[in-house]
Structure formats: structure tokens, C-alpha cells
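A short worksheet on the structure shown next.
The values are calculated or read from the model by the stated rules, or taken from the named source; none is laboratory data. The model shown is predicted, which means the values in this text are computed figures rather than measured ones. Heads up, the Cβs are rebuilt from the backbone with ideal geometry, glycines too, and the neighbour counts pull from every protein chain shown. Each accessible area value is taken on the protein alone, full model and side chains, heavy atoms only, with ligands, DNA and RNA left out. Shrake-Rupley method; radii C 1.70, N 1.55, O 1.52, S 1.80 Å.
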Amino acid sequence: MTTATADFVDLQHIPFLDLQDEYRMLAADGLETAILRSLRKAQYIHGPAVQQFEADWAAYCGTAEAVAMDSGTAALEIALKAIGIGPGDEVIVPAHTFIATAAAVTLCGARPVFVDADLLRWQLNPALLPKAITPRTRAVIAVHLYGQPCDLVSISAICEQNNLVLIEDAAQAQGARLHHQCVGSFGKVGCFSFYPAKNLGAFGDAGAITTNDHDLATHMRRLCNHGRTTKYQHSEVGENLRMDEIQGVVLDFKLPYLNRWNDRRREIAALYRSLLRDLPIFLPEPVPGTDPVHHLFPIGTPRRDDLAHYLSDRNIDSGIHYPLPLHLQPAFASLGYKPGAMPVAEWIGKEELSLPIGPLMTNSQVERISEAVRHFFLAM
């Protein structure tokens, strides 16, 4: 161990996200009692907790329906299939996002068509969207990356002009709003992940789809439950992608905390921006009129790897999202994209570093992280 590193080993560790602290708080508020109450009913599938969460999540998002799933990936796949996306179709997706967005398209037999990010916001660039539309294009998946709503006004207008279905991938944006309206309520469907690290996280994998189309919701419920119309009658081939009852209990218990937690994330993001001002880093800008929920706090620097090591030496975790853009992933090599095809996404992949952010972080932790980042750059 070098002397420089040894000077910091006694500093308290700052994790990227502390789920243990969250669990202790929720347990003290009665979550364990709620889980045990559900377990004693021994109703593990299609129980009242999942149905209650569906109703409460729909009400929270301002939609008529919410359909519970076993993951956010399943939500994307089932939504696409229910809309009728299949072989021969094309679906436009961002090049800079998690692979699940494009993988769901491929799993339906359709072709993902990638569009580059915009330089200012690191979201799908609406200006590039019209050039990606072909006679085979059926839908656009707009991703609200990092918990920041994308430019839904521009994207929605382009979809309407070209008779395309708008699908919102809100996996990282539970509670984010545009003009005071929740994401997930603008498109034909909104797809959510409740992976444990999300702003609203389950105790395992879970997801949901929101929609105002009752018939579509019925179809999606059938598709994620073996295509059932009755217990032993199946009108189509479906899958087993149901949400477990325990996840319904956990998510419905945590839902009343979500607004408070999101408010705290906004406070932390504002503190970061204040403390990191004037440094040679890039901070993505939110779309005007939006209320981001800051699932992640990304910064951009060509010295990304050096900064990550510097923070690690000081007992501060960080993360990288997403170093290899989707158009260059080996899984999509057959689509024929080459390096340089999506220059902004490729640049972000080389420079993005996510700093810790979570609703239970203290201001002193944010100040210590920011001080370390400032010291790194000012010591250059």
C-alpha cells in the first residue's frame, strides 16, 4: 500500500448505494411485519398484495392500469409483443442505455435501430430521430436515463407525425415528471424496473407496465401468465413472467416513501452541482420543464478511470454507465454498426463516471466526495 493510499484507509467507506441502511429504516417502520403477515397467508402468486400494488402504482403514475411483471426487461418484452411488434419490424432505441431496452426488441424478433445521444443531455437525440425512420419502423422506445426525463415533447410529436407507437422505458425514473405529469403516462405504455437499486426497489427482480388502454392491459396480463383466459384455457402462447407476492408487499410498503426519497435525491444533486462548479467536468443538463429523480449522478471527464481509482483509494465508491454503447455490443454485431457510427454515445462511454447518490446519504458524505473530486482536479 502506498503512503498516499494509507493516509485514507481510516476514512469511513461511502458505498455507491447503501441498501442496508434503507432496510434497517423500513424494518423499524414495520416492513418485516408486513412481509410475515403475507407469508402466513401462503398466497405466493396472484395474491392481494400484487393486485393492490398494481392499483396503487397506476394511481401514482396517473394511468388507468398497471400490470405487474417479474422484471423491467419482461415489461419491455411483453409490451412490445402486446402491441404487435414482431419479425420484419424495426424499433428505434437509444445507443446509450442499458442493453435490456434493445434486447427486448430482439427477443420479439424485431430489429433495433440505434440513434445517438445528444451532447447536452446524454439522452436520445430527437433531431436524429427522423433520419432513422423507415417504412418498417413501428415504434420508438424513449429511455428516461439516469432518472432524467428525455425530451418527450419532441419525441411524441415525431411519433405522431409518423404514426409510430411511443414506448417509455422508465426503468430508472420512478416518479420523474414532465410538466408535473409522471413519466410512464405519456406513451402507449410505460415500462418500469423495480430492481433493488432503483429509486423504488423490490427485494429481488420486479417490474411493471403502465397504460391507459384497458384492452392492452388485459392482453399483457394474459401474455405474462401463460396466455391464460381461464385456469386451463390458453388463448395464445404466453410466458411465466408474474410478480411474486412478496415483491408486491415490499413495493406497496415502500411506495409512500418514494416522493420523499426523490426530493432528497434532488437536494443531493443540487449540492453536487454547487460543490463541483467550475471544475473541468461535464454535467448532463435536464430537459426544461422536468423534475428528474436522479437515479444516478453522472459526470464526464477524460480522466474517468484515474478519478475512479483516486476515489477508491479514499474509500469512496463510484460506477460506470455504460462503457460500451449498444451499437458496438457483440450481441448486436450482426446489425452491422461500426465504431464512429454513434460518436456521442461512444464519447460518453469513455468519459462517464457516476458518483454516489441515494436518499439516505448525508450532506457531509456529499461534501467529502465533492472535496475529493475537487482535490483530484486542482492537484493536476
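Six or more apart or on different chains, Cβ under 7 Å: which pairs go from a residue in segment 263-292 that's over 21 Å from Ile348 (Cα atoms) to one that's open to solvent by 50 Å² or more (accessible area, probe 1.4 Å)? Could you list them? So the pair list comes out as Leu271/Asn363; Leu275/Glu367; Gly289/His179; Thr290/Arg177; Asp291/Arg177.
Take Lys231 and decide whether it is over 13 Å from Ala79 (Cβ atoms) and not hydrophobic (A, V, I, L, M, F, W, C).
yes
Scanning segment 65-87 for residues that are assigned to a loop (DSSP other than H, G, I, E, B) and farther than 23 Å from Lys254 by Cβ gives Gly84, Ile85, Gly86, Pro87. Only one of the numbered conditions (1) in a loop (DSSP other than H, G, I, E, B); (2) open to solvent by less than 10 Å² (accessible area, probe 1.4 Å); (3) on the phi < 0 side of the Ramachandran plot is violated by Val91, and that is (1). For segment 221-251, a residue qualifies if it is assigned to a helix (DSSP H, G or I), open to solvent by less than 40 Å² (accessible area, probe 1.4 Å) and not aliphatic (A, V, I, L, M), and the qualifying residues are Glu245, Gln247, Gly248. When Ile299, Ile357 are checked against the criterion of being assigned to a loop (DSSP other than H, G, I, E, B), under 20 Å from the mean Cα position of the chain (by Cα) and at pLDDT 95 or above, a single residue qualifies: Ile357.
Right, Glu267: open to solvent by 40 Å² or more (accessible area, probe 1.4 Å), of a type in the set (Asp, Glu) and at pLDDT below 95 or not? Don't jump to the end; show me each part of the working.
Working: open to solvent by 40 Å² or more (accessible area, probe 1.4 Å): yes; of a type in the set (Asp, Glu): yes; at pLDDT below 95: no.
Here the answer is no, as Glu267 does not meet what is asked.
The single condition among (1) open to solvent by 60 Å² or more (accessible area, probe 1.4 Å); (2) among the acidic types (Asp, Glu); (3) within 20 Å of Phe186 (Cβ to Cβ) that Asp29 does not meet is (3). Here Arg260 fulfils each of the conditions (1) charged (D, E, K, R); (2) in a helix (DSSP H, G or I); (3) closer than 30 Å to Cys108 by Cα; (4) touching a residue at least 60 places away in the same chain (Cβ under 8 Å) apart from (3). Residues in segment 278-335 that are aliphatic (A, V, I, L, M) and under 30 Å from Tyr257 (Cα atoms): Leu283, Val287, Val293, Leu296, Ile299, Ile316, Ile320. Scanning segment 314-349 for residues that are closer than 15 Å to Pro94 by Cα, in a loop (DSSP other than H, G, I, E, B) and under 24 Å from the mean Cα position of the chain (by Cα) yields His321, Tyr322, Pro323, Leu324, Pro325, Gln329, Met342.
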